[in-house]
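The values are calculated or read from the model by the stated rules, or taken from the named source; none is laboratory data. Just so it is clear, the structure is predicted and the values come from calculations on it, not from any experiment. All Cβ positions, even for glycine, are placed from backbone atoms using ideal geometry, and neighbour counts span all protein chains on display. Just the protein is used for accessible areas: all its heavy atoms, side chains included, with ligands, DNA and RNA removed. Shrake-Rupley method; radii C 1.70, N 1.55, O 1.52, S 1.80 Å.
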Amino acid sequence: IEALAAEFPDIIEQVKNSSTPSIGGGGSSSGGNGAAGTGTAVGGSNSTNSVNYINPDVEEPSVFSDLETVPWAKEAVETLAEQGVIAGKGGGLFAPNDEITRQEFVKMVIGAFGLTANNAQNQFTDVTADWAIQPVAVAAALNIVNGTGGGLFSPEERITREDGAVMLARAASVIGVTLQEGTYCFADDGQISDYAK
């Protein structure tokens, strides 16, 4: 990189001064009925997905000051922050060891995959945070989430590993990624819920 920068300083300067591109392209495609839901579109700008969970009006940096303890996650966190998929807790902090809620995880999945759905509406009476309503509605319209019963989503509950895996597998299916049935068996396989296995 240093050699390229020395050889092409003008190009490097242009890249530094350009705005950060959003993930996904400008195009979209429509899907039909089925597991993916109706009227799905993949791609497009994710500028509306840049939400700060503490204060949406705070401009959050894409480089956080508290990632030294998680060097294995630093690049992924900063990349997703630059794309507007995730945000920090305010004051330049990401809080990398905090647990995350179900609605926070859905917001990240929908933003990372660049998913939208026509006529997505909030189906859950307990999803009330402004930043969460649209991503959760999109996830429900695309059958990525089903809620926890009785018209509830339990948005503030900490997400379990198995629920996160289910959501990611369903989101992959929405964008056309075919996942082969797994044959790996975990030592605690008996604790995995049937719907998630």
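Here are a few things to note about the model shown:
- Residue in segment 131-138 that is farther than 21 Å from Ala165 by Cα and at pLDDT below 95 present: yes
- Criterion violated by Gln134 - all others in (1) in a loop (DSSP other than H, G, I, E, B); (2) open to solvent by 40 Å² or more (accessible area, probe 1.4 Å) satisfied: (1)
- Only residues that are surrounded by fewer than 17 Cβ atoms within 10 Å (Cβ to Cβ) and in a strand (DSSP E or B) were counted in segment 77-115, giving 2.
- Look at segment 158-177: where a residue is among the polar types (S, T, N, Q) and a partner is open to solvent by less than 40 Å² (accessible area, probe 1.4 Å) and not in a helix (DSSP H, G or I), sitting 6+ places away or on another chain with Cβ atoms under 7 Å, you get Ser173/Ala36.
- Qualifying residue in segment 149-156 (condition: open to solvent by less than 70 Å² (accessible area, probe 1.4 Å), out of contact with any Cys (no Cβ under 6 Å at 6 or more places or on another chain) and more than 29 Å from Gln191 (Cα to Cα)): no
- Residues that are under 24 Å from Thr79 (Cα atoms), open to solvent by 50 Å² or more (accessible area, probe 1.4 Å), in contact (Cβ under 8 Å) with a residue 40 or more places away in the chain and touching a Phe, Trp or Tyr at 6+ places or on another chain (Cβ under 7 Å) do not occur anywhere in segment 116-126.
Residue-wise test of (1) assigned to a loop (DSSP other than H, G, I, E, B); (2) in contact with a Leu (Cβ under 7 Å, 6 or more places away or on another chain); (3) under 17 Å from Leu115 (Cα atoms).
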{"site": "Ala140", "(1), (2), (3)": "no, no, yes"}
{"site": "Val145", "(1), (2), (3)": "yes, no, yes"}
{"site": "Glu156", "(1), (2), (3)": "yes, no, no"}
{"site": "Leu179", "(1), (2), (3)": "yes, no, no"}
{"site": "Tyr184", "(1), (2), (3)": "yes, no, no"}
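- Residues satisfying the stated conditions in segment 162-188, i.e. more than 15 Å from the chain's Cα centre (by Cα) and under 15 Å from Phe105 (Cα atoms): Glu162
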